[in-house]
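The structure appears right after this line, and notes come after that.
The values are calculated or read from the model by the stated rules, or taken from the named source; none is laboratory data. Because the structure is predicted, anything quoted here is derived from the model rather than measured. Counting neighbours? That spans all protein chains shown, and the Cβs are built from the backbone with ideal geometry, glycine included.
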Amino acid sequence: MATVAEHSVRPRRGAELGLLAIAVLLGVGAYAIIGLTVTGEIPANTRNYSLGLAALALGSHFVLRWRAPYADPVILPVAIALNGIGLAMIYRLDLATRNNDIPDTFASRQLAWTTFGVVLACLVLVVLRDHRTLRRFTYTSMLVALGLLMLPLVPGLGTTINGARIWVRLGSQSLQPAEFAKIALAVFFAGYLVTNRETLALAGPRVLGLQLPRWRDLGPILLVWGASIAILVVQRDLGTSLLIFGLFVAMLYLATERLSWIVIGLVLFLGGAGFAAVSFSHVGARFDAWLNAFDPEVFNRAVGGSGQLVRGLFGMASGGLFGTGWGEGRPQLVPYAESDFIIPALGEELGLTGLVAILLLYLVLVQRGLRTAIGVRDGFGKLLVGGLAFAIAWQCFVVVGGVTRLIPLTGLAMPFLAYGGSALLANWVIVALLLRVSDSARRPAPSSSPPPAATPASVPTPPSVPTPPSVPTPEGDDENPTQVVRPGEAMR
C-alpha cells in the first residue's frame, strides 16, 4: 500500500537563534553608540545591559524549544529588535535631559518592564498549551474586558494624567488597564464570531446591495462594543477607543467576509469623529491642532495646541534622508518624546531610511501574524491571531499617521518602542499568543494511515495463481492502488 510521504516541517529554532543574535546586537550597538556620541565613552554598564538583553532573548528562545518548538522563528527576533531600539532611544533622551541627582531614569524603568514583559510572555507559553482553551472563556473575557475598562473610574483607584482618566495607581506604579482589555476583547470577539459567523454572514435583510445581519444576532457584540466606547469616551481616551473600534470592524470582516462591514465601519467612524469633535472640547482641540497646526495662535496654545506636533515635524525634517546620527539630534525639544512622540525622535536621528526600516520590522511582524492566521486549522485561532495582528498594524498606522499629520493625534504609543509599562506588558502577551497559535499552525498534522500489514515470509505465493501479464501493476503500489492521503493534505 502506497502512502503520501509525510511533509517534514522543520522547527527552525536554529534560524531563530541566529536572528535573535542580530536583534540583540542591534539594540546593544545602538546603546553603545549613543553613549559614545553623547558622553565620549561607551556606557559603563554596557556589558551588564548586553548580558541582560541576551539572557532575555535566550530564555524566551529555550522556552519556545520546550513548549512551542514549531512556533514561527521570526516573530520573537522582531519583537526583541524593536524593544532594543526603543530602549536605546529612551536612553538617548535620558542623556539629553538627565539629572545626576535622579538615578531612576525612563530607560532603567523601561528595561525593568521589558524583563517583566518577556517573563510574562514565557509564562503564557508555558501555561497555555493550546490556544483553543481560551474559547471556553468567551463571555468571561467580555466581563474581564469591561471590568478592566471601568477600573479607572473607581474612586480612590483611578487617577487622571494630562486630562485623561485611564490610569490605575498601584502603590508607586501606575497601569493602563485598557491595554489588557483589548486582548480580552479580542478573545471575546473571536469566540463569539466563530460560533455565529454563519448567521452573521448569511441571515438578515439586504439594504442598498449590502447584506446586513439580524439585530438579535448582532446585539450582544454591539452592546459590548458600545459599552467599551462609552467608557473610553468618559475617560477621555479616544485613542484606545479608536483602536477597539478598528479591531471590532476588522474581526467582523474576517469572520463574515462581507464588504458591507467595511462600509458600515467607515460610516460609523466618520459619524463618530464628527460627533466627538463637536461634543467634546478636547477632541475638537485636537482637530483644530491638526487642521491649523501652523497657525501661531494654535501653536502657542498652552493646552490642546499644536506645538508638540509641529516640533516633531521639524525634527523629522531636520533628519532628512539619513538622519543626524545616534545622539547628534535634539529630540528632547519635543514634549513626551519618549512615549507619544518617539517616532519623530527616531526619524530625526535615523532619518527616513532608518524610520522606514523600523516600519518594515512592524510589517514583517504583522505579516507573520496574518500568515499564521491563514495556516492555523481552527476558526477561533484564525480570528484571534488575525485580530491581534491587525491591532498591531492599526495602532502603528494611527500613531505614525498622527505624528506625521495625516490624521489627528490620538495619544496612542508605538508598540515596543515607546515608554510605558502596561503597553509593553500587553504587547508581549500578544507576541506570546502569536507564537502559541503559530506553533499549532506549523505543527505537522498526525498521520492517520495505518501501517501496511507484513506478509509472513514462510507463506509462499501459490504458483497456480499467476499475475496476468496483460494487467500492469501501478508503479509504486504493489498491493493496493488506492492512495491514502493524510488529513489536511488537500488543504495544502
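Points worth noting:
- Residue satisfying all of: in segment 286-326; surrounded by fewer than 19 Cβ atoms within 10 Å (Cβ to Cβ), among the small types (Gly, Ala, Ser) and in contact (Cβ under 8 Å) with a residue 60 or more places away in the chain; nearest to THR353 (Cα to Cα) among these: GLY325
- Candidates VAL283, VAL249, VAL267, VAL233 - the one that is crowded, with 19+ Cβ neighbours inside 10 Å, modelled with pLDDT under 80 and part of a helix (DSSP H, G or I): VAL283
- Residue, modelled with the highest pLDDT, within segment 322-344, restricted to residues that are more than 18 Å from ARG405 (Cα to Cα) and of a type in the set (S, T, N, Q): THR324
For (1) outside any helix (DSSP H, G or I); (2) aliphatic (A, V, I, L, M), each residue gets a yes or a no:
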{"residue": "VAL63", "(1), (2)": "no, yes"}
{"residue": "ASP72", "(1), (2)": "yes, no"}
{"residue": "PRO77", "(1), (2)": "no, no"}
{"residue": "LEU111", "(1), (2)": "no, yes"}
{"residue": "VAL118", "(1), (2)": "no, yes"}
{"residue": "THR133", "(1), (2)": "no, no"}
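- Residues of segment 166-204 satisfying the condition of being among the acidic types (Asp, Glu) and under 27 Å from VAL154 (Cβ atoms): GLU179
- Segment 327-366 - residue that is assigned to a loop (DSSP other than H, G, I, E, B) and acidic (Asp, Glu) and, of those, surrounded by the fewest Cβ atoms within 10 Å (Cβ to Cβ): GLU328
- The numbered conditions (1) surrounded by 21 or more Cβ atoms within 10 Å (Cβ to Cβ); (2) in a helix (DSSP H, G or I); (3) not small (Gly, Ala, Ser) are all true for LEU409 except (2).
- THR159 surrounded by fewer than 15 Cβ atoms within 10 Å (Cβ to Cβ) and within 27 Å of VAL437 (Cα to Cα): no
- ILE166 meets all of the listed conditions (1) hydrophobic (A, V, I, L, M, F, W, C); (2) more than 30 Å from ALA54 (Cα to Cα); (3) in a helix (DSSP H, G or I) but one, namely (3).
- Among the residues of segment 37-76, just one is farther than 18 Å from ALA432 by Cα, aliphatic (A, V, I, L, M) and in contact (Cβ under 8 Å) with a residue 60 or more places away in the chain, namely VAL38.
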